[in-house]
Amino acid sequence: MEILVGIALVSGAVAKALPQSPPAVPATPGVYQPQPGDVVTVGEWPAIGKWMIDRHLRPAEWLGARLKGKALREPINVVLVDSVAASADEARARLLEACRAAGYQPREGHSGGYRGFLGGVLFHQLPAAAGHAFSNEPFELHNNHGRIFGPVRTKDGWLFVGALSRERFNPLTRTEHVYVSFRQARDDFARKLDARTGYRIAGFVELANELADDPALTTGDHDGMAVVLRARR
């Protein structure tokens, strides 16, 4: 049985998230200030931001898309733990190698400049190159793509978080990308890493970032869960 930060996680198991509610404060230009309900804790892991953050330091919305009249917010839906790497640099290098081996290499043609909030730190995205994301196909094709943030050191290893989504390319406009799914991309990414790399699916954690009843915002088909992948070698 896998033990992650004091929580038993096996395939199909679920760990609960506890909301953290920092006090609401006025926004300061150039400073990210999580609002109440935007951060959760899971077990003994450091605080995890629920959303991918855009270049304006706001929760990211999926290319300005609207779904059923609501703005489409981009949730964190992947957690990765590397207990093998000896340093943050090694953990990043191992993650990049694993993504390539899984068929999710850095590819151009995507929006960029995103960040993720983890352990009180706002991390720039991986891959770092402008206009790049980890993707299983070129942007001219239907594809799963995402960005990963971190790591922070925990007693369980180096911790990353990520946001994955699936899009389809509109061949008529040759420029438009259309949202398809968060869950499809999350699950495919996890399965490919599990099958082709040293990362293994260890279970799921609840990040409480499903927006089902908000009158203005939605997270599409996201179920509030993040898949947990742990590096074994």
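Considering only residues that are more than 14 Å from the chain's Cα centre (by Cα) and part of a helix (DSSP H, G or I), look in the range 179-203 and name the one that is nearest to L96 (Cα to Cα).
L193
Say whether the condition of being modelled with pLDDT under 85, of a type outside the set (A, V, I, L, M) and surrounded by 12 or more Cβ atoms within 10 Å (Cβ to Cβ) is met by at least one residue in the range 45-63.
yes
Since S87 meets every condition but one in (1) closer than 25 Å to R232 by Cα; (2) surrounded by 14 or more Cβ atoms within 10 Å (Cβ to Cβ), which condition does it not meet?
(2)
Go through the range 102-130 and give me each residue that's free of Cβ contacts under 8 Å to residues at least 40 places away in the same chain, under 13 Å from the mean Cα position of the chain (by Cα), outside any loop (DSSP other than H, G, I, E, B) and surrounded by 16 or more Cβ atoms within 10 Å (Cβ to Cβ).
Answer for the range 102-130, where residues must be free of Cβ contacts under 8 Å to residues at least 40 places away in the same chain, under 13 Å from the mean Cα position of the chain (by Cα), outside any loop (DSSP other than H, G, I, E, B) and surrounded by 16 or more Cβ atoms within 10 Å (Cβ to Cβ): F123, L126.
Output the number of residues of the range 64-82 satisfying the condition of being in a loop (DSSP other than H, G, I, E, B) and surrounded by 15 or more Cβ atoms within 10 Å (Cβ to Cβ).
Of the residues in the range 64-82, 3 are in a loop (DSSP other than H, G, I, E, B) and surrounded by 15 or more Cβ atoms within 10 Å (Cβ to Cβ).
Might you let me know whether the range 165-174 holds any residue that is in a strand (DSSP E or B) and touching a residue at least 40 places away in the same chain (Cβ under 8 Å)? Working first, answer last.
Here is the first cut: in the range 165-174, the ones in a strand (DSSP E or B) are 165-169.
From the residues that got through so far, the ones that are touching a residue at least 40 places away in the same chain (Cβ under 8 Å) too are 165.
Yes, the range 165-174 contains at least one residue that is in a strand (DSSP E or B) and touching a residue at least 40 places away in the same chain (Cβ under 8 Å).
Kindly indicate whether any position in the range 131-149 is out of contact with any Gly (no Cβ under 6 Å at 6 or more places or on another chain) and in a helix (DSSP H, G or I).
So far as the range 131-149 goes, no, none of its residues is out of contact with any Gly (no Cβ under 6 Å at 6 or more places or on another chain) and in a helix (DSSP H, G or I).
Kindly evaluate R233 against the criterion of being outside any strand (DSSP E or B) and buried (at least 22 other Cβ atoms within 10 Å of the Cβ).
no
Residues checked against (1) under 21 Å from V40 (Cα atoms); (2) crowded, with 18+ Cβ neighbours inside 10 Å; (3) modelled with pLDDT of 95 or more; (4) polar (S, T, N, Q):
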{"site": "F169", "(1), (2), (3), (4)": "no, yes, no, no"}
{"site": "T173", "(1), (2), (3), (4)": "no, no, no, yes"}
{"site": "Y179", "(1), (2), (3), (4)": "no, yes, no, no"}
{"site": "A185", "(1), (2), (3), (4)": "no, yes, yes, no"}
{"site": "L193", "(1), (2), (3), (4)": "no, yes, yes, no"}
{"site": "R196", "(1), (2), (3), (4)": "no, no, yes, no"}
{"site": "A202", "(1), (2), (3), (4)": "yes, yes, yes, no"}
{"site": "L207", "(1), (2), (3), (4)": "yes, yes, yes, no"}
{"site": "G220", "(1), (2), (3), (4)": "yes, yes, yes, no"}
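Would you say A98 is outside any loop (DSSP other than H, G, I, E, B), buried (at least 19 other Cβ atoms within 10 Å of the Cβ) and touching a Leu at 6+ places or on another chain (Cβ under 7 Å)?
So A98 passes the test.
Evaluate the following for A208: is it part of a loop (DSSP other than H, G, I, E, B) and touching a residue at least 60 places away in the same chain (Cβ under 8 Å)?
Yes.
The values are calculated or read from the model by the stated rules, or taken from the named source; none is laboratory data. Note that the structure is a prediction, hence the values are computed from the model and not measured. Counting neighbours? That spans all protein chains shown, and the Cβs are built from the backbone with ideal geometry, glycine included.
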